[in-house]
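Worksheet: one structure, shown below.
The values are calculated or read from the model by the stated rules, or taken from the named source; none is laboratory data. Computed from a prediction, not measured in an experiment: that's the story for all the values here. Note that we place each Cβ from the backbone using ideal geometry, even for glycine, and neighbour counts take in every protein chain shown. When the accessible area is computed, the model is the full protein with side chains, heavy atoms only, and any ligands, DNA or RNA have been set aside. Shrake-Rupley method; radii C 1.70, N 1.55, O 1.52, S 1.80 Å.
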Amino acid sequence: MILAFDIGGSRIRAGLWDGHVLERLGEAETPARSLDAFAAVVGGYAAGRTLKGLALSVPGVVDPETGTGKVANIPCIDGLALGPELAERLGLPVLVLNDADCFALAEARRGAGRGHRNVFGIILGTGVGGGLVIDGRLVTGAGGHAGEWGHGPVVCEPWALPCGCGQVGCLDTIGGARGMERLHLARTGESLHTREIVGRWRDGEPAASATMELWRDLVSGPLAMVVNTVGATAVPVGGGLSNDAALIGWLDQAVRDRVLRRPEGALVVPAVCGADAGILGAAQAGEQAWGG
Ligand SMILES: [Zn+2]
């Protein structure tokens, strides 16, 4: 059995994976300020169980060399080698992974990418993230940044905006929901929620439609390049924007027009693991590390 956790900024979800079925164990509040309290919550779920190990999905990047995670919204684990720390406290192997990586692995093995050798899972949420699975195995890469296609200057003037990573013109600045809103504001001077922009686009309103065309153009180019580079045959999409299947289908058309190997069916598809992706992906990573 692998005990898996989806660690969010406010809630921790736990699940038990037996190699076939996920048993959901419920949720707890995330102790953000106290490492002792954090370890107590995680350890509480482990108590009395025979486990191969614990696997945690966290909202931050984890360096696979040092185990150190950047988890800004949970201060008690930010900058800490959480895996080794918990392993010592609990006396069990502990794996800590980035949430977008867990998402990609869950979708590759149990979701929309099932049956595909190479899967690039992407998050179009408030921002842009991603995770890479090659030959069914999660690739975390140098510094844990593999799959992070949201950073690096790709957007040109006049739409290039400063990014939180210190660069200008990152896809992360315009690709997610907040990014779509920024694009619309920059184009029209009008501040609208993504929901309204997408709704107006669907109604054929010219200003929103122009924003959406621009958004699709800016996102589909870099995505097609990644697909070519990693040889992905499935690109499951999670995050808020993925709830709109028509929008994802429309993005898929543009990406398929731009990749070198044009698939007959859909390439960019809505994810199917839903809220379980974090625990399911962490469990799959545990399986990858410790065997099924
Ligand atoms: Zn950036």
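Some points to look at:
- Residue ID - farthest from I77 (Cα to Cα), chosen from residues in the range 29-65 that are over 21 Å from the mean Cα position of the chain (by Cα) and of a type in the set (V, I, T): T50
- The set of residues in the range 159-207 that are within 16 Å of the ligand (Cβ to nearest atom) and in a loop (DSSP other than H, G, I, E, B) comprises W159, A160, L161, C163, G164, C165, G166, Q167, G169, I174, G175, G176.
- The residues of the range 240-255 that are in a helix (DSSP H, G or I) and open to solvent by 10 Å² or more (accessible area, probe 1.4 Å), listed by number, are G240, L241, S242, N243, A245, A246, G249, W250, Q253.
- The range 40-66, subset open to solvent by 20 Å² or more (accessible area, probe 1.4 Å) and among the small types (G, A, S), residue nearest to G144 (Cα to Cα): A40
Conditions (1) aliphatic (A, V, I, L, M); (2) farther than 20 Å from P270 by Cα; (3) outside the structural domain of P236 (by TED's automatic domain parsing), marked per residue:
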{"site": "L86", "(1), (2), (3)": "yes, yes, yes"}
{"site": "G125", "(1), (2), (3)": "no, no, no"}
{"site": "G130", "(1), (2), (3)": "no, no, no"}
{"site": "G143", "(1), (2), (3)": "no, yes, no"}
{"site": "P158", "(1), (2), (3)": "no, yes, no"}
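- Going through (1) at positive phi; (2) under 20 Å from the mean Cα position of the chain (by Cα); (3) open to solvent by 40 Å² or more (accessible area, probe 1.4 Å) one by one, G204 falls short only on (2).
- Restricting V42, V21 to those that are free of Cβ contacts under 8 Å to residues at least 40 places away in the same chain and closer than 19 Å to A277 by Cα reduces the list to V21.
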